[in-house]
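In what follows, a single structure is set out as structure tokens and then discussed.
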Amino acid sequence: MRSSPSGTRRRTPPATATSARLSGAGNEQPKPDGRVHRRIVTRQKIVDALTALVVEGHITPTAEQVAQRADVGLRTVFRHFDDMDALYREISIHVDAQIQPLLQARLDAATWQERVLQSIEIRSAIYDRTAAIHLAAQVHRHESAYLSQNLMGSARLQRDLLRQLLPETVAQDALLLDALDLVLSFEAWIRLRREQGLDTRQAREVMRLGVRALLATVQQAA
């Protein structure tokens, strides 16, 4: 070891936390927090439980039923969600995310009339996928400002999607727009599928028949 100018030996400085970081020592990735992971898994189990109960026909399941289906304690349900409204809100957000790919599907028919008819395929897929949640939201809307606003927003979206397919001269016909909006609505689909007992193919044909009858009054606008 070389001597310093004063004649004393140089000492190698001890490793510090800073030098260790710069050298890469101790750079292990932080371990995931097991409690956070368990909380996420439990929360999803509760959401899945309520969704399954609603889809099975339990339009107003109780917190006790949700807890039993999720295999958690009742207190756990309310530790993750302040009340049932908060739980329904979580489900609505989840459903909205699920239907986005369908809403973004392209309609490539040659004429605007054909594109309106083509949209029935997309609407029916959305309606069948989310009908049970929609009905549950209708039942609970008087208890929840959020659900009420969400349902009104859904109705506006349905109308906006229809309006985008229509020539401006046709869209300006308020009566025709209202009639088409009604025939193509979620509520009309639920009536056809549940009260009238039609299968998906039959319900689509009825909806197409109604739309064709209305479009026949404006063929000159093509």
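The values are calculated or read from the model by the stated rules, or taken from the named source; none is laboratory data. None of the values given here were measured: they were computed from a predicted structure. We place every Cβ from the backbone using ideal geometry, glycine too, and count neighbours over all the protein chains shown.
Before moving on, here are some points about what is shown:
- Any chance Glu121 is outside the structural domain of Ala52 (by TED's automatic domain parsing), more than 24 Å from Trp189 (Cα to Cα) and not in a loop (DSSP other than H, G, I, E, B): no
- One residue from Arg115, Arg89, Arg75, Arg141 being out of contact with any strand residue (DSSP E or B) (no Cβ under 8 Å at 6 or more places or on another chain), surrounded by 15 or more Cβ atoms within 10 Å (Cβ to Cβ), among the basic types (Lys, Arg) and at pLDDT 85 or above: Arg115
- Of all the listed residues (Thr60, Thr111), the sole one being in contact (Cβ under 8 Å) with a residue 60 or more places away in the chain, out of contact with any helix residue (DSSP H, G or I) (no Cβ under 9 Å at 6 or more places or on another chain) and among the polar types (S, T, N, Q) is Thr111.
- Among residues of segment 90-138, those that are over 18 Å from Glu56 (Cα atoms) and among the hydroxyl-bearing types (Ser, Thr, Tyr), counted: 3
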